[in-house]
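Everything on this sheet refers to the single structure shown next.
The values are calculated or read from the model by the stated rules, or taken from the named source; none is laboratory data. These numbers come from a predicted model, not from an experiment. Cβ: placed from backbone, ideal geometry, glycine included. Neighbour counts: every protein chain shown.
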Amino acid sequence: MASGLADANHDRAAWVAVAVALGLGGGWVVRVHSVRRLGGVTGDVFGALVEVAATITLVLLAAKPAWR
């Protein structure tokens, strides 16, 4: 029984890692776009990066139970 619980925890940890990586990737895309469009980054861009990364991560974490 403990083996099944350990497997479930590894699956959750793996999904959290994937969600965080995708959130960071979304932030990276916004940064690249901002550098091309604005020629650099400002404090507003950094704020947007935080919001984009957090939103993508949280949406993915919230959506995971619906996929089972």
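Details
- So V18, is it on the phi < 0 side of the Ramachandran plot and at pLDDT 95 or above: no
- Top-ranked residue of the stretch 4-45 - restricted to ones that are touching a Lys or Arg at 6+ places or on another chain (Cβ under 9 Å) and farther than 20 Å from K64 by Cβ, ranked as surrounded by the most Cβ atoms within 10 Å (Cβ to Cβ): V45
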